[in-house]
Amino acid sequence: MIRWQKKAVATGAALSLAIALAACSSSGGKQEEQNNGQGGGNVANTPRMKIAFITHAAPGDTFWDLVRKGAEAAAAKDNVELQYSGDPEGANQANLVQTAIDAKVDGIAVTLAKPDAVSANVKKAVAAGIPVTALNGGIEHWQDAGAIAYFGQDERIAGQAAGDQLTKVGAKKAICVIQEQGHVGLEARCQGVKDKFPAVENVYITGTDMPGSTTTMTSKLQQDKAVDYVVTLGAPFALAAVQAVDKAGSSAKVGTFDTNKELVGAIKDGKVQWAVDQQPYLQGYLAVDNLWLYKTNGNTIGGGKATLTGPAFIDKDNVAAVEKFAANGTR
Amino acid sequence: MASTLTATTTADDRVGRRSIAARLLSRPEIGSLVGAAVVLVFFLITAPTFRSINSTGTILYQAALIGMMAVPVALLMIGGEFDLSTGVAVTTAGLTGGLFAYQFSVNVWVGAVVALVVAVGVGAFNGWLLMRTGLPSFLVTLGTFFILQGLNLGVTRILAGTVSSNSIRDMDGFSSGQAVFASEFKIGRLSIEILVIWWVVFVAIASWVLLKTKVGNWIFAVGGDAAAARAVGVPVKRVKIGLFMTVGFFAWFSGMHLLFNQSSVQSGEGVGKEFIYIIAAVVGGCLLTGGYGSIVGSAVGALIFSMTQLGVVYAGWNADWFKAFLGLMLLLATIVNLVVKNRADLR
């Protein structure tokens, strides 16, 4: 590095430190964060086991963070070493299942959102004597693949619940916003909405580009003034939709699938009307816990039938009950 | 003999003044301007909402989101280098600002300053490693792309306990930061995002630097032929590292817009946007091989991309075909660009 650059970097670092010491924020920030002190509790005294948790999550999605936290909570309680991994590409996810088989794990929890790609390797795992639980996606495929249990919601039914809600509140025209083009589960949700509320149109955005998502929704609302409801399929996109409605000068209301901490606040403030909740924390928790139960006591939750974790609605009336858990980042 | 010599001198077209039209047509951005006009007219005819004043604001904002980063990307390409880490670098800058301010409970502006140091530092690292190793910038910045993508996720989870940075909306300095980076104002019925104004300002400054200053000449020189530039005394190393640091600065500015627009930043964002920036620069007349291009062109390129992207929505076409329309329009714009440029070169 050249001398003047060194000097610039050093000056910059010193300057920022000096300002940092002098400029504490009087409100917000970590200092205000409540320390809720997560309970210690006892850990199971069964032998330590290794469980692979393999999803189709894109990195950095708040929804999957909740699933992971549930899985980690169960793992901590059950004396399980959890190996979390994920890849949105079907073939890559299938490969992750194969590596778990190679590593001779004691159990595998897997999402079957892309069943055609992943099922073959799930069958291999079962053949190798590794119990598998399915979660989140693949309600029609988990039994064929040989999984012992399924935790999640039927995306089409969840979509229909949202469609019924639109009819109930007297919406006239809605858009259903899909953040990943060609995603089977997301398409099924919007299809479900359409089953019960035909006046809906799909709009596609790029989930990894939040300002771009906002402008796309804004332009759709500007183009079609008749739209009075925006349905998004993930919490971050609902918050972007609130901005888009504002920018477009539209009076459309926003409803969404799935929650996170910020969204719970938005429901409380009346910016978002409702969220279809599939309890992602529960999906992660049960998928791991069931593997432990199966290994230690031969149990299956749901008794061979899918265990539905949703769709439940969160709206202004019951948001308070969810709020304190959302602050912990677990709802 | 002497008379022949005089005759050749006056007839020499290398020193003779060309007509204004010919000089205008030989500018790198002229092809993209024609392309933009074609796209504009096309959507004005096919999409009724495209004509409304509200839509203009949205289109300009979308263009500014791309165009802001296309400015340094174009400069870098004229200087003969690539940067694949620009998309995630924007996210890194936003995350750094948000996480620092929140974790240390300090004024948001302190977070912004730290983010500036980090963002420019990333650029400096790219430039330094490039000059040090002599590897293609494609490889060096691909490495940085993955490193930043991983750090964005990993560090955010460690600090915030989740995959998005904590909201800084209620912290000191947020409202002033928002006023600077992410506010909106009205001219008549047209509402304009402040980012659009900043974009125009930065395009003007970068254009002036490129066309009217010694540094601008250096950038063209290192992009055209680095060895020849070094031979005539251009500080190649400093120019290239400086260009990467410029990218860092703009990534910081865009990252601050992201942060103050949403108050929290999702750590997985930004992947794939590096190509959009490069597309804007190339559609705007930058050569992939360096040494030729324009900043105004990059702005027009961003405008073409934004008009096409939102035009498809404004036209109300079936969304399944969205990407296909987008690709087709971009190809058409680029081909118009090429035809105009070739015709201009013939003159």
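The values are calculated or read from the model by the stated rules, or taken from the named source; none is laboratory data. All figures in this text were calculated on a predicted structure; none of them were measured in a lab. As a convention, Cβ positions derive from the backbone with ideal geometry for all residues, glycine included, and neighbour counts pool all protein chains shown. In case anyone asks, the SASA skips ligands and DNA or RNA and just uses the protein heavy atoms, side chains included. Shrake-Rupley method; radii C 1.70, N 1.55, O 1.52, S 1.80 Å.
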* Structure fact -> Within the range B:117-146, restricting to residues that are touching a residue at least 24 places away in the same chain (Cβ under 8 Å), open to solvent by 30 Å² or more (accessible area, probe 1.4 Å) and over 24 Å from residue B:235 (Cβ atoms), the one that is nearest to the other protein chains (Cβ to nearest Cβ) is B:118
* With respect to residue B:141, is the statement that it is of a type outside the set (Gly, Ala, Ser), at pLDDT 95 or above and in contact with a Phe, Trp or Tyr (Cβ under 7 Å, 6 or more places away or on another chain) true? -> yes
* Asked: So which of A:201, A:140, A:155 ends up being acidic (Asp, Glu) and surrounded by 20 or more Cβ atoms within 10 Å (Cβ to Cβ)?
  -> A:155
* Asked: Looking only at the range B:156-178, which residues are of a type in the set (Gly, Ala, Ser), within 16 Å of residue B:261 (Cβ to Cβ) and in contact (Cβ under 8 Å) with a residue 12 or more places away in the chain?
  -> B:164, B:165, B:167, B:173, B:176, B:177
* So how many residues does the range A:53-96 have that are surrounded by fewer than 23 Cβ atoms within 10 Å (Cβ to Cβ) and in a loop (DSSP other than H, G, I, E, B)? -> 7
* Asked: Within the group B:323, B:240, which residue is of a type in the set (Lys, Arg), part of a helix (DSSP H, G or I) and in contact with a Ser or Thr (Cβ under 9 Å, 6 or more places away or on another chain)?
  -> B:240
* For residues that are within 14 Å of chain A (Cβ to nearest Cβ), open to solvent by 80 Å² or more (accessible area, probe 1.4 Å) and without any contact (Cβ under 8 Å) to a residue 12 or more places away in the chain, scanning just the range B:185-244, find the one that is farthest from the chain's Cα centre (by Cα). => B:186
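Give the residue that is modelled with the lowest pLDDT, with candidates limited to residues of the range A:207-229 that are of a type in the set (Asp, Glu) and over 20 Å from the mean Cα position of the chain (by Cα).
Among residues in the range A:207-229 that are of a type in the set (Asp, Glu) and over 20 Å from the mean Cα position of the chain (by Cα), the one modelled with the lowest pLDDT is A:224.
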* In the list B:254, B:263, which residue meets the criterion of being open to solvent by less than 20 Å² (accessible area, probe 1.4 Å) and on the phi > 0 side of the Ramachandran plot? -> B:263
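The rows are residues; the columns are (1) open to solvent by 20 Å² or more (accessible area, probe 1.4 Å); (2) under 25 Å from residue A:240 (Cα atoms).
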{"site": "B:269", "(1), (2)": "no, yes"}
{"site": "B:272", "(1), (2)": "yes, yes"}
{"site": "B:298", "(1), (2)": "no, no"}
{"site": "B:308", "(1), (2)": "no, yes"}
{"site": "B:318", "(1), (2)": "yes, yes"}
* Matching residues in the range B:252-290 - criterion: being among the small types (Gly, Ala, Ser) and out of contact with any Asp or Glu (no Cβ under 8 Å at 6 or more places or on another chain) -> B:254, B:255, B:263, B:267, B:280, B:281
* Structure fact -> The condition of being of a type outside the set (A, V, I, L, M, F, W, C), within 14 Å of chain B (Cβ to nearest Cβ), on the phi > 0 side of the Ramachandran plot and open to solvent by 10 Å² or more (accessible area, probe 1.4 Å) holds, among A:270, A:249, A:304, only for A:249
* Failed criterion for residue A:234 (all others in (1) surrounded by fewer than 23 Cβ atoms within 10 Å (Cβ to Cβ); (2) small (Gly, Ala, Ser); (3) within 13 Å of another protein chain (Cβ to nearest Cβ) hold) -> (1)
* To do: Could you tell me whether the range B:188-208 includes any residue that is at negative phi, in contact with a Ser or Thr (Cβ under 8 Å, 6 or more places away or on another chain) and modelled with pLDDT under 90?
  => yes
* Asked: Which fully enclosed helices (runs of 4 or more DSSP H) of the range A:147-226 have 2 or more residues being more than 10 Å from every other protein chain (Cβ to nearest Cβ)?
  -> A:155-168, A:184-196
* Asked: Could you say whether any residue in the range B:276-287 is open to solvent by 10 Å² or more (accessible area, probe 1.4 Å), within 26 Å of residue B:31 (Cα to Cα), within 12 Å of another protein chain (Cβ to nearest Cβ) and hydrophobic (A, V, I, L, M, F, W, C)?
  -> yes
* To do: State whether the residues of the range A:254-265 include one that is modelled with pLDDT of 95 or more, β-branched (Val, Ile, Thr) and closer than 30 Å to residue A:44 by Cβ.
  => no
* Please indicate, with yes or no, whether at least one residue in the range A:279-297 is part of a strand (DSSP E or B) and within 15 Å of residue A:134 (Cβ to Cβ). => no
* Please determine, by comparing only the residues of the range B:89-104 that are facing another protein chain (nearest Cβ under 8 Å) and in contact (Cβ under 8 Å) with a residue 24 or more places away in the chain, which one is nearest to the chain's Cα centre (by Cα). => B:101
* Structure fact -> Restricting attention to the range B:148-184, the residues that are basic (Lys, Arg) and either away from chain A (no Cβ under 11 Å) or assigned to a helix (DSSP H, G or I) (or both) number exactly 1
* Asked: Taking the range B:30-83 on its own, how many of its residues are away from chain A (no Cβ under 14 Å) and among the aromatic types (Phe, Trp, Tyr)?
  -> 2
* Structure fact -> Within the range B:322-331, of all residues that are farther than 11 Å from residue A:203 by Cα and over 21 Å from the mean Cα position of the chain (by Cα), the one surrounded by the most Cβ atoms within 10 Å (Cβ to Cβ) is B:325
* Quick check: anything in the range B:64-81 open to solvent by 10 Å² or more (accessible area, probe 1.4 Å), within 24 Å of residue A:207 (Cβ to Cβ) and not acidic (Asp, Glu)? -> yes
